[in-house]
Amino acid sequence: MSDTIVAGTRNEGPDVGDRRGGWRRQQDQILAALHPLLDPHVVVRALRDDEGQVGDFVCVEANEAAIVHLRLDRERLVGAQILEFLPGDTAKETRDLLARTLETGQPLLLEDIEYPFDMLEPERRFDIRVIRVGKDLSCTWCDVTERHEIEASLRRRVRELDAMHRIFQLLAMRTDLGLALDAARREIADLFGARSAAVCLQPDENAEAATTCEACEIVGDEVAPEEAALVVSALSCEQPVAGECSGDDPCQLMAVPMVTRSRIVGVLTIARPHEAAPFTTREITVAQSVADGLAAAVENERLHQRETRQAATDERQRLARDLHDSATQTIYSANLIAEILPASWQRGPEEGLQDTKTLRRLMRTALCEMRTLLYELRPETLDSAPLGDLLERLGEALTGQGETACEVEVDEDVKLPVDVKLVFYRVAQEALTNAAKHAHATRVRVAVAGEAKAVRLTVHDDGVGFDPAAARPGSMGLRTMRERAQGIDAGLRVESHAGEGTTVTMMWKGPGAATSHAEREDHGADT
C-alpha cells in the first residue's frame with residue numbers, strides 16, 4: 001500500500017501529497033483571480049456529521065465586494081454558517097443545492113432569482129454561480145435587479161404596444177363604431193388586468209340627438225381637457241359604471257377623459273377589484289394614450305357622419321335643381337298646353353293638332369329626362385354599365401326632346417377604369433347640355449375612339465357657335481369639364497367659331513402616359 005496510518009494520522013505518500021499540493025495551488029490561483037472581482041465572492045466548506053452527511057456550510061473566504069454587499073466585517077463573515085446566516089427555508093434550500101453541487105461536481109447556475117442576500121432589500125434579484133474547487137465551493141453572485149426591471153419594463157411595453165396596436169387596428173378597420181368600441185373595450189380590460197372597461201361618449205354637439213352616461217357624470221366639470229386622468233381608489237359605485245361594477249362591490253376605478261381638439265368627447269373608465277394593486281403612473285399614461293386614440297376614432301366617425309349628412313343634403317339639392325331645370329319646366333310647359341288644348345281645337349283643327357304634337361313632344365322629353373335622373377340615382381349602374389350604353393342613353397334623352405338629333409359612336413375595344421369612364425360620361429353630358437340649351441344645335445355627334453395608348457372623346461354640334469375671345473372667363477360649364485379632365489390627368493380642348501358650331505375634345509393617355517402641358521391647355525371658352 002502506498003498509504004499507511006501513523007499515530008492516528010494518515011500517511012498519504014508522496015504522490016497523494018503532490019496531488020494535494022496541486023489542488024492547493026489551483027485553489028490559491030482561483031481565489032487570487034476571484035478576490036479582485038467587483039461581484040461578491042465567497043468560498044464555503046462543508047461541515048459533515050459523524051455519518052459523513054453535509055449538515056451545513058461555513059464561509060472560509062470572502063472578497064471585499066462580498067463584505068460590502070452583505071454589510072458585515074470580515075471577522076464576522078468568515079466563519080459564519082449558512083443555517084445561521086440565512087432565514088430558515090432559504091438556508092435549508094441553499095444547503096441542499098450546495099451539497100448536491102459538492103457531491104456531483106456539476107456547477108450550479110441560477111438565473112434571475114429572488115434571493116435574500118440583502119436583508120434590507122429582500123426583493124432584489126441575482127444571478128448565482130457555484131463551482132467546486134477541491135473540497136470547497138466557490139460562490140459568486142451578481143445583482144441583476146436593475147436588468148430584471150428593465151427587461152420586465154420592456155416586456156410590459158411590448159405587451160402594451162401590441163395591445164394598443166390591436167385596439168387601434170380594430171378602430172381603423174371598423175365597419176360599425178359601436179361594435180369596434182365594444183371589441184376595443186375588451187382589449188383594454190385585458191391590457192390592464194381589469195374586471196371591466198367602459199367607453200362612454202359625451203353628446204355630439206352637431207348630432208340631432210345624443211345620450212350621456214353615469215361615467216361621464218363622474219368626471220363632469222372636474223377634468224378639464226388639459227388635465228391628466230382622474231383616479232378614484234376604492235370607489236363604491238352607486239350605479240353601474242362598467243360591466244360588473246355595482247354599489248355593493250367596491251373597486252379601483254380609473255376615469256380618463258377622451259380629448260380631441262381641446263374638447264372632451266367621452267370618458268374611458270377602467271375598473272379593477274378593490275384588493276388589486278393601485279393604478280400606477282405608467283398605467284395612467286398608457287390609458288391616456290388609449291383614450292386619445294379612442295377620441296380620434298370617435299371624432300373621425302362623427303366627422304364622417306356629418307359629411308355623409310351634408311353629402312346627402314347636397315345631392316338632394318342637386319336633384320332638386322336638375323328637376324327644376326329639366327323635367328319640372330318641361331312638365332309645366334306640357335301642363336299649360338294641355339290646359340289651352342280645348343280652346344285650340346275650338347279655334348281650328350290645325351291649331352289643335354299642332355298643340356297636340358307639341359304636348360306629345362314635351363311629355364316624351366320629360367319622360368327621357370326623368371329616366372336619366374333615375375338612372376343617375378343608382379351609382380352602381382353608372383359603375384357597371386359600358387360607356388357606350390351610358391352615352392347612348394344621353395343621346396336618347398337629347399333626341400327625345402324632338403329638336404336635336406344625336407348620333408353616338410363608341411369603339412367597342414375601348415376599356416376604361418371606372419373613374420375615367422365616369423369623367424368621359426360627365427364631360428359628354430355637359431357638352432350635350434350646352435349644345436341643346438345654348439347652341440340651339442340640330443345635330444350632335446358623340447364619338448369615343450381608341451388611339452395609340454390613348455382614348456379620345458369628341459362631341460361636335462352644328463349650333464350657333466361662339467367667339468372664344470368674347471366668352472365669359474371662368475364660365476361654369478367649361479370650368480366643370482376642365483376640373484373633371486384634370487382629375488384624371490387628361491387634356492381638354494374646346495374649339496368654336498361663330499356660326500360654325502363647337503367641338504369639345506378630351507384625350508386621356510392612360511396610366512403612366514404623361515399628358516403634355518399643351519394638351520392640357522383649353523383652346524376656346526365655355527358656351
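Does the range 483-504 hold any residues that are within 44 Å of the chain's Cα centre (by Cα) and surrounded by 15 or more Cβ atoms within 10 Å (Cβ to Cβ), and which are they?
Arg484, Ala485, Ile488, Asp489, Ala490, Gly491, Leu492, Arg493
Say we look at the range 34-56 and pick out the residues that are within 60 Å of the chain's Cα centre (by Cα) and not in a loop (DSSP other than H, G, I, E, B); which of these is farthest from Val78 (Cα to Cα)?
Leu34
Quick one: would you say Ala436 is of a type in the set (Gly, Ala, Ser), modelled with pLDDT of 85 or more, assigned to a helix (DSSP H, G or I) and more than 28 Å from Ala312 (Cβ to Cβ)?
No, not satisfied.
Taking only the range 468-527 into account, find how many residues are at pLDDT 80 or above, assigned to a loop (DSSP other than H, G, I, E, B) and among the aliphatic types (A, V, I, L, M).
3
State the number of residues belonging to the range 375-414 that are in a helix (DSSP H, G or I) and at pLDDT 75 or above.
Summing the residues that are in a helix (DSSP H, G or I) and at pLDDT 75 or above in the range 375-414 gives 14.
Which residues, taken from the range 84-108, are assigned to a helix (DSSP H, G or I) and either surrounded by 16 or more Cβ atoms within 10 Å (Cβ to Cβ) or polar (S, T, N, Q) (or both)?
Those that are assigned to a helix (DSSP H, G or I) and either surrounded by 16 or more Cβ atoms within 10 Å (Cβ to Cβ) or polar (S, T, N, Q) (or both): Phe85, Thr90, Ala91, Thr94, Arg95, Leu98, Ala99, Thr101, Leu102, Thr104.
Hey, can you tell me all the residues within the range 138-195 that are closer than 30 Å to Val42 by Cβ and in a helix (DSSP H, G or I)?
Residues satisfying the conditions are Thr145, Glu146, Arg147, His148, Glu149, Ile150, Glu151, Ala152.
Need the failing condition index for Asp419 against (1) at pLDDT 80 or above; (2) acidic (Asp, Glu); (3) part of a loop (DSSP other than H, G, I, E, B), just the number.
Checking Asp419 against (1) at pLDDT 80 or above; (2) acidic (Asp, Glu); (3) part of a loop (DSSP other than H, G, I, E, B), the one that fails is (3).
Residue by residue, here is whether (1) in contact (Cβ under 8 Å) with a residue 60 or more places away in the chain; (2) of a type outside the set (A, V, I, L, M, F, W, C); (3) farther than 30 Å from Phe85 by Cβ holds:
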site: Ile131; (1), (2), (3): no, no, no
site: Gly134; (1), (2), (3): yes, yes, no
site: Cys142; (1), (2), (3): yes, no, no
site: Leu170; (1), (2), (3): no, no, yes
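Whether any residue in the range 114-125 is assigned to a helix (DSSP H, G or I) and either modelled with pLDDT of 90 or more or outside the structural domain of Val286 (by TED's automatic domain parsing) (or both) is what I want to check.
The answer is no; no qualifying residue exists.
What are the residues in the range 278-311 that are outside any helix (DSSP H, G or I) and without any contact (Cβ under 8 Å) to a residue 12 or more places away in the chain, if any?
Selection gives Thr280 alone.
Among the residues of the range 209-229, is any closer than 21 Å to Met164 by Cα and at pLDDT below 75?
There is at least one residue in the range 209-229 that is closer than 21 Å to Met164 by Cα and at pLDDT below 75.
Spot the failing condition for Arg10; the list is (1) modelled with pLDDT under 90; (2) assigned to a strand (DSSP E or B); (3) in the same structural domain as Cys139 (by TED's automatic domain parsing), and only one is missed.
Unmet for Arg10, out of (1) modelled with pLDDT under 90; (2) assigned to a strand (DSSP E or B); (3) in the same structural domain as Cys139 (by TED's automatic domain parsing): (3).
One residue is enough: does the range 447-464 have a residue meeting the conditions among the hydroxyl-bearing types (Ser, Thr, Tyr), part of a strand (DSSP E or B) and touching a strand residue (DSSP E or B) at 6+ places or on another chain (Cβ under 8 Å)?
Yes: one or more hits.
Quick grid of which residues meet (1) surrounded by fewer than 17 Cβ atoms within 10 Å (Cβ to Cβ); (2) at pLDDT 85 or above; (3) assigned by TED's automatic domain parsing to the domain that holds Ala296; (4) of a type outside the set (D, E, K, R):
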| residue | (1), (2), (3), (4) |
| --- | --- |
| Leu154 | yes, yes, no, yes |
| Arg159 | yes, yes, no, no |
| Leu191 | no, yes, yes, yes |
| Asn206 | yes, no, yes, yes |
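For the range 419-435, how many residues meet the condition of being of a type in the set (Val, Ile, Thr) and over 16 Å from Ala454 (Cα atoms)?
Here the count works out to 2.
The values are calculated or read from the model by the stated rules, or taken from the named source; none is laboratory data. Given the structure is predicted, the values throughout are model-derived calculations rather than measurements. Note that each Cβ is placed from the backbone with ideal geometry, even for glycine, and that neighbours are counted across all protein chains shown.
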